[in-house]
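Contents: one structure, followed by commentary.
The values are calculated or read from the model by the stated rules, or taken from the named source; none is laboratory data. Predicted, not measured: the structure shown is a model, and the values here were computed from it. Cβ atoms come from the backbone with ideal geometry, glycine included; neighbour counts cover every protein chain shown. Note: accessible area is taken over every heavy atom of the protein model, side chains too, but ligands, DNA and RNA are not part of it. Shrake-Rupley method; radii C 1.70, N 1.55, O 1.52, S 1.80 Å.
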Amino acid sequence: MNLIRTPALILRTIPFQETSVIVRLFTKEQGKVAVIAKGGRRLKSPFRGYLESLNYVDVIYYTKQTREIQLLSTIESIEFFFRNQPEIEQIAYASAIVECIDKSIRDQHKDETIFQLTVDSLRFISGNPALSREAFFAFLFKLTDALGYKMNLDECSICGKPLTRAGYDMKSGSLICQECRKYSSDVIPLDPEMMNFLKAVESVGLSDQLLRLANEKFADEIMNVLMSYLSFHLDYPLNLKSLDMIRTKR
Ligand SMILES: [Zn+2]
(Lines give C-alpha, C1' and ligand atoms only; values in the text may rest on other atoms or scores of the structure.)
Protein backbone atom coordinates (compact mmCIF):
# COMPACT_ATOMS: atom_id res chain seq x y z
CA MET A 1 0.00 0.00 0.00
CA ASN A 2 1.32 3.42 -0.97
CA LEU A 3 0.58 6.82 0.43
CA ILE A 4 -0.08 9.54 -2.15
CA ARG A 5 -0.23 13.24 -1.49
CA THR A 6 -1.54 15.46 -4.27
CA PRO A 7 -3.59 18.55 -5.10
CA ALA A 8 -7.00 17.52 -6.45
CA LEU A 9 -10.32 18.82 -7.67
CA ILE A 10 -13.46 17.17 -6.39
CA LEU A 11 -15.52 16.05 -9.38
CA ARG A 12 -18.37 14.31 -7.65
CA THR A 13 -19.41 12.87 -4.30
CA ILE A 14 -21.65 9.87 -3.78
CA PRO A 15 -23.07 8.93 -0.35
CA PHE A 16 -22.03 5.39 0.55
CA GLN A 17 -23.55 3.12 3.20
CA GLU A 18 -24.62 4.78 6.46
CA THR A 19 -22.01 7.46 6.97
CA SER A 20 -19.37 7.28 4.25
CA VAL A 21 -18.84 9.13 0.99
CA ILE A 22 -17.21 8.05 -2.25
CA VAL A 23 -15.36 10.98 -3.76
CA ARG A 24 -14.30 11.15 -7.38
CA LEU A 25 -11.16 13.22 -7.65
CA PHE A 26 -9.18 14.66 -10.50
CA THR A 27 -5.68 14.64 -9.01
CA LYS A 28 -2.59 16.34 -10.30
CA GLU A 29 -0.35 13.35 -9.62
CA GLN A 30 -2.54 10.36 -10.49
CA GLY A 31 -5.29 11.65 -12.77
CA LYS A 32 -8.82 10.58 -11.96
CA VAL A 33 -9.14 8.53 -8.78
CA ALA A 34 -12.04 7.43 -6.58
CA VAL A 35 -11.49 7.47 -2.83
CA ILE A 36 -13.71 6.58 0.08
CA ALA A 37 -14.05 9.04 2.96
CA LYS A 38 -14.97 6.68 5.78
CA GLY A 39 -17.49 8.25 8.12
CA GLY A 40 -17.39 11.37 5.95
CA ARG A 41 -21.00 12.26 6.75
CA ARG A 42 -20.62 12.00 10.52
CA LEU A 43 -21.04 15.31 12.32
CA LYS A 44 -17.57 15.16 13.80
CA SER A 45 -15.80 13.83 10.73
CA PRO A 46 -12.62 15.76 9.87
CA PHE A 47 -13.70 15.47 6.21
CA ARG A 48 -16.90 17.41 6.73
CA GLY A 49 -17.09 20.70 4.89
CA TYR A 50 -14.51 19.65 2.29
CA LEU A 51 -16.41 16.98 0.40
CA GLU A 52 -18.17 19.16 -2.15
CA SER A 53 -17.75 19.08 -5.90
CA LEU A 54 -15.73 22.00 -7.34
CA ASN A 55 -13.55 22.19 -4.22
CA TYR A 56 -9.81 22.47 -4.80
CA VAL A 57 -8.09 20.45 -2.10
CA ASP A 58 -4.89 18.80 -1.00
CA VAL A 59 -5.43 15.11 -0.25
CA ILE A 60 -3.49 12.22 1.18
CA TYR A 61 -4.79 8.74 0.42
CA TYR A 62 -3.70 5.12 0.62
CA THR A 63 -3.55 3.39 -2.71
CA LYS A 64 -3.41 -0.25 -3.73
CA GLN A 65 -3.25 -1.36 -7.37
CA THR A 66 -5.79 -4.14 -6.86
CA ARG A 67 -8.42 -1.81 -5.41
CA GLU A 68 -10.79 0.30 -7.46
CA ILE A 69 -11.56 2.70 -4.65
CA GLN A 70 -8.71 4.09 -2.60
CA LEU A 71 -8.81 5.13 1.04
CA LEU A 72 -8.84 8.83 1.90
CA SER A 73 -6.62 9.73 4.83
CA THR A 74 -6.67 13.53 5.09
CA ILE A 75 -8.06 16.46 3.16
CA GLU A 76 -7.31 20.18 3.36
CA SER A 77 -8.62 23.09 1.37
CA ILE A 78 -6.34 24.84 -1.13
CA GLU A 79 -8.93 27.24 -2.51
CA PHE A 80 -12.70 27.68 -2.33
CA PHE A 81 -13.79 28.93 -5.73
CA PHE A 82 -17.50 29.48 -5.19
CA ARG A 83 -17.99 30.38 -1.59
CA ASN A 84 -19.90 33.67 -1.68
CA GLN A 85 -23.29 33.19 -3.28
CA PRO A 86 -22.16 32.43 -6.80
CA GLU A 87 -24.46 33.11 -9.72
CA ILE A 88 -26.27 30.22 -11.33
CA GLU A 89 -24.25 30.63 -14.57
CA GLN A 90 -21.01 30.29 -12.64
CA ILE A 91 -22.12 27.07 -10.98
CA ALA A 92 -23.59 25.68 -14.20
CA TYR A 93 -20.47 26.25 -16.32
CA ALA A 94 -18.04 25.30 -13.55
CA SER A 95 -20.01 22.09 -12.98
CA ALA A 96 -20.05 21.47 -16.73
CA ILE A 97 -16.24 21.68 -16.69
CA VAL A 98 -15.82 19.07 -13.97
CA GLU A 99 -18.52 16.90 -15.55
CA CYS A 100 -16.63 17.14 -18.83
CA ILE A 101 -13.42 16.01 -17.10
CA ASP A 102 -15.28 13.18 -15.39
CA LYS A 103 -16.65 11.97 -18.72
CA SER A 104 -13.73 12.57 -21.07
CA ILE A 105 -10.56 11.61 -19.18
CA ARG A 106 -9.64 8.00 -18.56
CA ASP A 107 -9.11 6.86 -14.97
CA GLN A 108 -5.57 7.11 -13.60
CA HIS A 109 -4.40 8.98 -16.65
CA LYS A 110 -2.08 11.66 -15.31
CA ASP A 111 -2.20 14.90 -17.26
CA GLU A 112 -0.85 18.01 -15.58
CA THR A 113 -1.73 20.26 -18.53
CA ILE A 114 -5.40 19.34 -18.32
CA PHE A 115 -5.30 19.53 -14.54
CA GLN A 116 -3.91 23.06 -14.67
CA LEU A 117 -6.37 24.07 -17.40
CA THR A 118 -9.24 22.88 -15.21
CA VAL A 119 -8.02 24.70 -12.09
CA ASP A 120 -7.37 27.89 -14.10
CA SER A 121 -10.81 27.73 -15.73
CA LEU A 122 -12.64 27.33 -12.41
CA ARG A 123 -10.63 30.14 -10.85
CA PHE A 124 -11.33 32.38 -13.84
CA ILE A 125 -15.08 31.72 -13.63
CA SER A 126 -15.07 32.41 -9.91
CA GLY A 127 -13.44 35.81 -10.54
CA ASN A 128 -15.32 36.70 -13.74
CA PRO A 129 -18.98 35.73 -13.39
CA ALA A 130 -20.00 37.61 -16.54
CA LEU A 131 -17.58 35.50 -18.58
CA SER A 132 -18.61 32.06 -17.31
CA ARG A 133 -19.90 30.91 -20.67
CA GLU A 134 -16.95 32.24 -22.67
CA ALA A 135 -14.56 30.67 -20.15
CA PHE A 136 -16.35 27.37 -20.71
CA PHE A 137 -15.88 27.74 -24.48
CA ALA A 138 -12.18 28.49 -23.97
CA PHE A 139 -11.92 25.46 -21.69
CA LEU A 140 -13.51 23.18 -24.32
CA PHE A 141 -11.26 24.52 -27.03
CA LYS A 142 -8.09 24.06 -24.95
CA LEU A 143 -9.26 20.65 -23.75
CA THR A 144 -9.57 19.30 -27.29
CA ASP A 145 -6.06 20.62 -27.94
CA ALA A 146 -4.68 18.96 -24.79
CA LEU A 147 -6.40 15.69 -25.68
CA GLY A 148 -4.56 15.70 -28.99
CA TYR A 149 -7.19 16.77 -31.50
CA LYS A 150 -6.98 20.49 -31.77
CA MET A 151 -9.49 22.14 -34.07
CA ASN A 152 -7.79 23.48 -37.20
CA LEU A 153 -9.16 26.99 -37.69
CA ASP A 154 -6.81 27.91 -40.52
CA GLU A 155 -7.23 25.37 -43.28
CA CYS A 156 -10.07 23.42 -44.83
CA SER A 157 -9.70 19.77 -43.78
CA ILE A 158 -10.64 18.58 -47.26
CA CYS A 159 -8.88 20.83 -49.81
CA GLY A 160 -6.38 22.57 -47.50
CA LYS A 161 -7.30 26.08 -48.62
CA PRO A 162 -7.25 28.88 -46.01
CA LEU A 163 -10.56 29.22 -44.16
CA THR A 164 -12.42 32.50 -44.16
CA ARG A 165 -16.02 31.44 -44.21
CA ALA A 166 -16.23 27.93 -42.87
CA GLY A 167 -18.60 25.25 -41.77
CA TYR A 168 -18.30 22.56 -39.16
CA ASP A 169 -18.75 19.24 -40.91
CA MET A 170 -20.47 16.80 -38.55
CA LYS A 171 -19.45 13.81 -40.68
CA SER A 172 -15.70 14.39 -40.57
CA GLY A 173 -15.56 16.30 -37.26
CA SER A 174 -13.63 19.16 -38.82
CA LEU A 175 -13.93 22.60 -40.38
CA ILE A 176 -14.33 22.84 -44.12
CA CYS A 177 -14.42 25.71 -46.59
CA GLN A 178 -17.31 27.26 -48.44
CA GLU A 179 -16.48 25.35 -51.61
CA CYS A 180 -16.21 21.90 -50.00
CA ARG A 181 -19.42 22.52 -48.05
CA LYS A 182 -21.33 21.87 -51.24
CA TYR A 183 -20.45 18.20 -51.01
CA SER A 184 -21.48 17.65 -47.41
CA SER A 185 -25.01 17.56 -46.06
CA ASP A 186 -24.35 17.84 -42.32
CA VAL A 187 -22.72 21.20 -41.86
CA ILE A 188 -23.15 23.89 -39.21
CA PRO A 189 -22.24 27.18 -40.91
CA LEU A 190 -19.76 29.41 -39.09
CA ASP A 191 -19.93 33.03 -40.15
CA PRO A 192 -16.79 35.22 -40.00
CA GLU A 193 -17.78 36.60 -36.57
CA MET A 194 -17.87 33.10 -35.13
CA MET A 195 -14.56 32.22 -36.76
CA ASN A 196 -13.05 35.36 -35.23
CA PHE A 197 -14.37 34.37 -31.84
CA LEU A 198 -12.84 30.89 -32.07
CA LYS A 199 -9.52 32.31 -33.28
CA ALA A 200 -9.52 34.76 -30.40
CA VAL A 201 -10.25 31.96 -27.93
CA GLU A 202 -7.34 30.07 -29.46
CA SER A 203 -4.96 33.00 -29.01
CA VAL A 204 -6.08 34.74 -25.79
CA GLY A 205 -7.44 31.72 -23.90
CA LEU A 206 -8.68 32.62 -20.44
CA SER A 207 -8.45 36.37 -20.41
CA ASP A 208 -10.80 39.25 -19.72
CA GLN A 209 -10.36 40.09 -23.40
CA LEU A 210 -13.04 37.44 -23.86
CA LEU A 211 -15.57 40.04 -22.75
CA ARG A 212 -14.92 42.07 -25.87
CA LEU A 213 -15.58 39.00 -28.00
CA ALA A 214 -18.60 37.60 -26.19
CA ASN A 215 -21.71 37.65 -28.29
CA GLU A 216 -25.12 36.40 -27.24
CA LYS A 217 -26.12 36.05 -30.88
CA PHE A 218 -23.94 33.09 -31.77
CA ALA A 219 -23.31 31.57 -28.33
CA ASP A 220 -25.66 28.63 -28.89
CA GLU A 221 -24.02 27.76 -32.20
CA ILE A 222 -20.51 27.95 -30.75
CA MET A 223 -21.65 25.66 -27.94
CA ASN A 224 -23.15 23.28 -30.47
CA VAL A 225 -19.99 23.19 -32.59
CA LEU A 226 -17.58 22.73 -29.66
CA MET A 227 -19.68 20.02 -28.01
CA SER A 228 -20.21 18.17 -31.31
CA TYR A 229 -16.51 18.41 -32.03
CA LEU A 230 -15.48 17.02 -28.66
CA SER A 231 -18.08 14.23 -28.82
CA PHE A 232 -16.96 13.32 -32.33
CA HIS A 233 -13.34 12.92 -31.28
CA LEU A 234 -14.12 11.15 -28.02
CA ASP A 235 -16.31 8.82 -30.06
CA TYR A 236 -19.33 9.06 -27.76
CA PRO A 237 -21.97 11.72 -27.13
CA LEU A 238 -21.06 14.07 -24.33
CA ASN A 239 -24.29 15.16 -22.71
CA LEU A 240 -23.52 17.55 -19.89
CA LYS A 241 -26.34 17.49 -17.36
CA SER A 242 -24.87 20.51 -15.58
CA LEU A 243 -25.96 22.71 -18.45
CA ASP A 244 -29.62 21.76 -17.95
CA MET A 245 -29.93 24.24 -15.10
CA ILE A 246 -29.38 27.16 -17.45
CA ARG A 247 -31.15 25.64 -20.44
CA THR A 248 -34.40 25.40 -18.51
CA LYS A 249 -33.93 28.93 -17.17
CA ARG A 250 -34.09 30.49 -20.62
ZN1 LIG B 1 -12.15 23.04 -48.93
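Observations on the structure shown:
- A 1.4 Å probe run over the protein chains yields, for the stretch 102-219, 48 Å² of accessible area per residue, whole-number rounding.
- Residues of the stretch 9-34 with amide N under 20 Å of a point placed 7 Å along Cα→Cβ from Met245: 9-15, 22-26
- Computed across the stretch 2-79, the Kirkwood radius stands at 12.1 Å (inverse of mean 1/r, all Cα pairs).
- Where only alpha carbons of the stretch 45-101 are counted, the Rg and the Dmax (Å): 13.9, 42
- Placing a pseudo-label 7 Å from each Cα along the Cα-to-Cβ vector at Asp208 and Arg106 gives an inter-label distance of 4.1 nm.
- Cα-based convex hull, the chain, per residue volume (Å³, whole number): 139 Å³
- Rounded percent of accessible protein surface that carbon and sulfur make up, the stretch 2-79, 1.4 Å probe: 46 percent
- Proximal charge balance of Phe82 [Cβ under 12 Å; K/R count +1, D/E count -1]: -2
- Signed unit charges on C-beta, dipole axis of the chain, positive-most listed residue Leu210, Ile78, Phe139: Ile78
- For the listed peptides 210-223, 49-62, 107-120, a ranking on the average number of other beta carbons within 10 Å per residue, highest first, reads 49-62, 107-120, 210-223.
- Long-range amide H partners of Lys32 with built H, under 5 Å: Thr27, Gln108, His109
- Here's how it looks for Ala166: its modeled amide H is under 5 Å from those of Leu190, which are all 5 or more places away or on a different chain.
- Heavy-atom accessible area ranking, 1.4 Å probe, most first, across Met194, Met245, Met1: Met1, Met245, Met194
- Charge tally in the Cβ shell below 14 Å around Pro189, where Lys, Arg are +1 and Asp, Glu are -1, Pro189 excluded: -3
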